[in-house]
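Q: Handing you this structure, nothing more for now.
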């Protein structure tokens, strides 16, 4: 497949009179620059206002958000959300060390299992690498600690996000991703998630849960303007 690909690309380069390597060099140079696109000015704010903007946009996109003072309060906040939504007290959690370290014993009525999503799972719980203030978007990536199926299969997706991981723009999110994995290395899947799944294909009427969760709930931890980013 690699040989066939090179033949096709070589033919395109010759037709553009770029030679056999000019196109490749130009592409490599462009990728190395990490050139930024037009970034909305609305997210160029102090830290506390970025957190508030993220929450505002997330709610506008039909997500729900609750703030807690610290990570120890996450199990209680999750249990309260499930009760308020009349959902089963059963959660399929990503095998993420940060989530595993939370005091789940404080909620003995809550059943927490770990692993990829199964057909029977109604609620999933994951972390997020970053939150994007300009649109209230979550950045998640695949890996052993974050099975992508948890983002899409259960009807309700709960995300734990540290306020110190909220950044202004999508470009900032890619910077964090490159810093996490190293230059030139990416996870298999990167998901930007804004609100629950929806469609208006049928009679221009919004339907939630068309291609994924019909609920997105964000537990925002430690919304402190002076916190340093991870």
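Q: Is it fair to say residue 163 is modelled with pLDDT of 95 or more and either over 13 Å from the mean Cα position of the chain (by Cα) or crowded, with 20+ Cβ neighbours inside 10 Å (or both)?
A: On the way: modelled with pLDDT of 95 or more: yes; either over 13 Å from the mean Cα position of the chain (by Cα) or crowded, with 20+ Cβ neighbours inside 10 Å (or both): yes.
The answer is yes for residue 163.
Q: In addition: Can you tell me which residue in the range 81-99 is surrounded by the most Cβ atoms within 10 Å (Cβ to Cβ), limited to those that are touching a helix residue (DSSP H, G or I) at 6+ places or on another chain (Cβ under 7 Å) and under 10 Å from residue 145 (Cα atoms)?
A: Once the filter is applied, the top-ranked residue is 94.
Q: Given the options 80, 73, 43, name the one that is more than 18 Å from residue 214 (Cα to Cα) and at pLDDT below 95.
A: Values: 80 fails: at pLDDT below 95; 73 fails: at pLDDT below 95.
Result of the check over 80, 73, 43: 43.
Q: With respect to residue 168, determine if the residue is closer than 23 Å to residue 222 by Cβ and in contact with a helix residue (DSSP H, G or I) (Cβ under 6 Å, 6 or more places away or on another chain). Let's see the steps before the verdict.
A: On the way: closer than 23 Å to residue 222 by Cβ: yes; in contact with a helix residue (DSSP H, G or I) (Cβ under 6 Å, 6 or more places away or on another chain): yes.
Taking the combined requirement at face value, the residue satisfies it.
Q: Please state which one of 17, 35 is modelled with pLDDT under 85 and within 28 Å of residue 185 (Cβ to Cβ). Talk me through it step by step, then tell me what you get.
A: Working: 17 fails: within 28 Å of residue 185 (Cβ to Cβ).
Of 17, 35, the one residue that is modelled with pLDDT under 85 and within 28 Å of residue 185 (Cβ to Cβ) is 35.
The values are calculated or read from the model by the stated rules, or taken from the named source; none is laboratory data. These figures come from a predicted structure and were not determined experimentally. Backbone-built Cβ (ideal geometry, glycine too); neighbour counts: all protein chains shown.
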